[in-house]
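Okay, so here's the structure we're looking at.
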Amino acid sequence: MAEVSSPRVITPFQRRLLAEAWRRIEETGGGPVDTTHAELAAVAQGGDFETRVLNRAQALALSADLPRALHGLQQAIRRAAWTLIAIGGVIGAVAARSTLNADHAGLVNFYWVLVALLGVHSVALLMWFVSLLFSFSGSNVPPTPLRAPFEALARMLASAVSGNVQRSAYSAWMGIIGSGVLGRWGLSALLHAFWLAALGGMLAVTLLMLSARQFDFVWETTILPDEGFIKLTERLQDLPARLGLGSLDRETILASRRAAERAPPPGARRGWSTLLIGSLIAYGMLPRIALLAFSLLMLGRSRGRYRLDLELPGYARLRPRLMPASRRIGVVDADIGAAARRDGELRAGRLPAARETAVLGIEIDPPGTGWPPALAIGAQDLGIAVERAALDCALQRLRALQDHPLSLLVVCSLTASPDRGMARVLRDCRAAHHGPIALLLTQRARTAVRLGETACREREGDWRRIAIATGFDAAHILVLDLDDAEELREFLLARDDRHGAGGPA
Amino acid sequence: MNGETGLRMAIVGHTNTGKTSLLRTLTRDVAFGEISARPGTTRHVEATSLMVGGRARVDLYDTPGLEDSTTLLALLGEYRERGDGIDRIRSFLDSAAARGELEQEAKVLRQVLGSDVLLYVIDAREPMLGRHRDELMVLGLAARPLIPVLNFTGSAESRESAWREHLARIGLHAVVAFDTVLFDPADERRLYEAVQAMLAPQYDLLQQLIEEREAAWQALRRSAAATVADLLIDAAGAARRVREGNAAEMSSASTWLQERVREREERCIRQLMELFAFRSEDVVAERLAIEHGRWQMDLFAPETLRRFGLSAGTGAVKGAAVGAGIDVIAGGLSLGMAATLGATIGALWSTVDRFGRKLLDRLRGYVDLRVDENTLRVLAARELQLIDALLRRGHASLSQVELKGDAARAPWPGADLPAALRRARHHPEWSTLIARGPGAPEAERAAALHALQEKLLQQLP
């Protein structure tokens, strides 16, 4: 997956870093508006969600030249780290130079030099250890001392960063490298490298000065017993001696005690110098080398274990697009004669005038106001048909009544779909009856609740259309909620008024 | 299409029972097909495929509604001498009627014969009618495993138990309730389990599907909670330093802060909509009084607080002086702690540096202006309410959904805010609402975010 235009082969960790930086760019409103192409490509490449996020980010980031920015940033940070290490070397050298100074008698206090050279290092080591324990306990209550040089470095570099892409790359880099487990080991490695350089500088200058100048190492005490110093020196020598850097014997040590009347024996110079070098290596550089190696190892491991936090909104929002639950196949059996449909006109209906009315319910529940509906005077109840057999039976009865002057009222519910099956039922009703015929659509309120007002109106239009198509008179289609006693009463009152007004005329 | 291991399911049923809705919900594809309350909206067979293990393995076919099953059944009856049910269906498909009036029914039956299992969708609000029996008889001729799926079971008019009884009497016992409007992942699982029970050879495939869906559902819940946690941390940490008593400065800073938090909340709503693959102009938003991606009721209006059962006695942006005071005390604490624990000079220095500056500012009369605690509670409550609605809502619901808008209560009533949120209040550098320095500690913020996320998850269904 190495891109031709990317500056170098991208490791999995760098890919994640790239995705992090890209997330920041997108969150600050950067990046292209249309990311569909990259997303489709990422879906096509497959893999788990993180892989897809990484592929998407890489494809998009490439066009924004983010990999180059990130690479440049890494180089800058590497340079800064090397500068810091070089400074460490110089500091070590200066420290060694100012420590190794003979007094007017040409004598040098060995322990004084040793403490001056290794003392700060030892304290710093202890501090690092304590802060490591703190960071392990999961708390970051006291900011670790590692953070101070890091933040200084971050501020220094930040001033050199400009442009949205660069800033996002920088913020991602610092955010990840500077915090958590990665930050702990990264900063530890930097710290140990710094101290290693300092100790290296010390060692170099010490060797140089020991080669070019003559020092007589002595030890002295006012209140401590001599025996203690001898023991201490022997203990101190144990470790360097294993490296072949310690050869002082008891007599030489004793003979090196500072005394006014005599200089230390000439053979002791080499022994003390060797011990000084040996101590610098054994107590200074070797632990630092070991810890540096350990920190780098842990850094490598935590880089390998680093995963994107996919629950962050910046990533999670991509999930529906990158991990689709389904893929459309498309129309497999097309509708050839797609009929154009249009909305019907709505008109208030009325019942046809007739002496007697036959009432037939189709696939409805008995209405709340009772069955047969009170509006049909002298009703012939044909019942409610909920299946074909019942309908056939009712239509049979209807045919038998054909010699009466009869009107037929078909009651349907708006909750039902006016489909072709229903159209056939209406057509059969129409065919079975020669007199006037009306359609009453009930349960409008319930339909409106179920479908919403717009869809309910559409359905009403559809019902009218199939009714007209099957031979109903548009004027004889009425919408009246038989579940609603109040509405029914109003309808009857209005009808009686009309009758009353027209009657005497 | 999928080779040897695929599974094909046909969604069949009467018109307007929600076949396309069921498909939309199963596929999480809000734009699949066309839905309306009118009959015959779907007039063709449209297919989609469920992804299992990153591959399209389960094909779903959305068929037109069976509208005239009575005629169809009568016609199939005429082919009685042609052989078994499948032969009779084949004879019908070859007939002229299959290209004429019963063209849609023919489409359905063609698809039925090409499928491994049938999902028969029923509108549970309707009574069981003759046409349902006719439809089931026609489908029975195809001799495919058939699972009745009761839709709209969440409706008050649902006749679920009556339907179950009726279906049992004609030998259909593996009935699944699946409300496409009020979505419940357990229903989806039961649906797939029912298919699993009927199609033993596809057991593993369906098991994988069930597990992936479950994992995706959990990921969705977790991500939603993290999205809100992100908002809360941003809002909690946002602070503006102003001179105490300078009314003009205070009010302009307060306006600034309120506007940032409002914008941030809008962003959160957008993120949640995107996460759930809903469009922000969606019905959910409308029902919850979200307009143009923004809650209609202003975050800082006292009425909003009252709605969530919080007292609206004080201003929305406040607590500044108190906050700074607590900071100084907290600073003293960690100072002492650091000292006693023998922590480092660096640690001591930055603590002194940080809190010392705060103390100095305090003495100079500066205060930090912040969003108050009740506003954070309202933010949490509103977004949790939105998530709740999004989690429960199927991808299909076209009709209106009753959401318990007024039942909402602010989370953590009578208790302190979660520790992670209280900590965020002391970390302005965690907030993205104010300019952040380089190397803002991501891991620390992320730790707080995930702690808060867990607290929010407890508030979700």
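Averaged over the residues of A:302-313, the number of partner chain Cβ atoms lying within 10 Å of the residue Cβ comes to 4.
Across peptide B:223-229, the average count of Cβ atoms from other chains found within 10 Å of a residue's Cβ is 4.
Taking a ≥ b ≥ c as the square roots of the eigenvalues of the Cα gyration tensor, an a/c ratio of 1.5 or more together with a/b larger than b/c marks region B:79-204 as prolate. Per-residue extension of 0.36 nm, minus the Cα-Cα distance of B:Tyr203 and B:Ile170, leaves a gain of 9.3 nm for this segment.
Here B:Lys19, B:Lys455 are placed in order of increasing Cβ neighbour count within 10 Å, fewest first, which gives B:Lys455, B:Lys19.
Shielding of peptide B:60-71 by partners, expressed as the average count of other chain Cβ atoms within 10 Å per residue Cβ, is 4.
With the highest mean first, a sort of the peptides B:201-207, A:44-50 on other beta-carbon atoms found within 10 angstrom per residue produces B:201-207, A:44-50. Distance between the modelled labels on A:Ile289 and A:Arg307, one decimal in nanometres: 3.8 nm (7 Å Cα→Cβ projection). Taking Cα centre as origin and charging only the Cβ of basic (Lys, Arg, +1) and acidic (Asp, Glu, -1) residues, the dipole magnitude of region B:3-198 rounds to 200 debye.
Projected onto their three principal axes, the Cα atoms of chain A cover extents of 155, 52, 42 Å, largest first. For the peptides A:63-76, A:160-173, the ranking by packing is A:160-173, A:63-76, with the highest mean count of neighbouring Cβ atoms within 10 Å listed first.
Each of A:His121, B:His132 was scored by other Cβ atoms within 10 Å of its Cβ. Arranged with the fewest first, they read A:His121, B:His132. Peptides B:133-140, A:294-301, B:101-108, A:379-386 ranked from most to least packed, by the mean per-residue count of other Cβ atoms within 10 Å: B:101-108, B:133-140, A:379-386, A:294-301.
Sort A:Leu208, A:Leu60 so that the residue with the fewest other Cβ atoms within 10 Å of its own Cβ comes first and the one with the most comes last.
In increasing order of surrounding Cβ atoms, one gets A:Leu208, A:Leu60.
Taken together, the values in this text are just the output of simple stated rules run on the coordinates, not laboratory data. Only a predicted model underlies this, so the values are computations on that prediction, with no experimental measurement involved. All Cβ positions, even for glycine, are placed from backbone atoms using ideal geometry, and neighbour counts span all protein chains on display.
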